[in-house]
């Protein structure tokens, strides 16, 4: 059989078809009654007639990637966790506005498609979608020789969720004296990996360290969504760490004081800081330091709120009068 000219140029249509076949079961396992068209269609169709039961439905959308964490995953030959990373990052990003996820769309690009690796990523995406009852409505797998280096790939995704207009976070009731409740991260999540790779570039990374570095970005939806009525604001600690992310939910007249001794910082961060000779200020500007999500609540409900959350949480600071600054103390 004569090899196609397209394949000789670096794009294998048959590999793409094989990847789709491997993905089908994972994707369809996320479907619910709202899916009208999915795999094989030019666009996914999602029935929103249930919105009629809402008073004022608002759609929330977000797009993100996994960053250079994919390079570590490729080096280690571990692809499933990257699927969880992209979904959970996006879930958390719309959760901070109070939204419930509806559907997700993924994009995977590589120099040369490996159907098994792509299917492993999509299986992880589908698993993460199922954990929050979200549909994986569609996506794209692109083979782009000459754009990506051999054996490298990238992953991105788009999420769409919904909430009532009156429930949009942050609320206008934020006041000096409100407290910050920190929820633990599962690791670096999906941020700071260019610096992490630089820190460890001349150091042998054993399996236990690689496990810590590639731990999937966790979702906070299931533990927080039922209790959002007691939340004034949420801050997802992603790129920019504490310094850049917390001010995004503050009004112009408030700052925040973070008490650095109020939670146990996992040893991974001390290792990164020591090996990289990184200042404490920069650590809190780049990384989550063991706190992946922050809920801001009225001080009077803090104890009840913490007792409602089915995992350890920490009072890590409070709001004060100021100009949208983060004060590390």
Hull volume per residue for the stretch 73-178, using the convex hull of the C-alpha atoms, in Å³ is 136
Return a whole-number percent for the relative contact order of the stretch 179-328, with Cα pairs under 8 Å and 6 or more residues apart as the contact set. 46
Consider just the alpha-carbon atoms of the chain and return their Rg together with their Dmax, both in angstrom. 21.1, 74
In a Gaussian network model of the chain with springs linking alpha carbons closer than 10 Å, the residue among 115, 267, 251 that fluctuates most is 267
Specify the residue with the greatest mean-square fluctuation among 149, 53, 97, computed from a Gaussian network of the chain linking alpha-carbon atoms under 10 Å apart. 53
If you bin every alpha carbon distance in the stretch 197-329 into 5 Å steps from zero, what whole percent lands in each bin? 2, 9, 18, 21, 19, 14, 9, 5, 2, 1
Any idea what the relative contact order of the chain is, in percent, if you count C-alpha pairs under 8 Å spaced at least 6 apart? 22
In degrees between 0 and 90, to the nearest 10, how far off the longest principal axis of the chain does helix 267-276 point, with axes built from Cα atoms? 80
Sorted from largest down, give the three principal axis spans of the alpha carbons of the stretch 125-232, whole angstrom values. 50, 35, 23
With Cα coordinates, the longest principal axis of the chain makes an angle with the long axis of helix 115-131, in degrees rounded to 10, of 40
For the stretch 79-197, averaging the sequence separation of alpha carbon pairs under 8 Å that lie six or more residues apart and dividing by its residue count, the contact order in percent is 37
Given the rule -39500 (n - 2.57) for each run of at least 4 DSSP H residues, summed and divided by the residues of the chain, what is its mean residue ellipticity at 222 nm, to the nearest 500 deg cm²/dmol? -9500 deg cm²/dmol
Stick to the Cα atoms of the stretch 9-165, pair each with every other, and give me the Kirkwood hydrodynamic radius in Å at one decimal. 16.0
Which angle from 0 to 90°, rounded to the nearest 10, does the C-alpha axis of helix 80-95 make with the longest principal axis of the chain? 40
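No value in this document is a laboratory result; all are computed from the given coordinates. Predicted model only: the values in this text are computed from it and were never measured.
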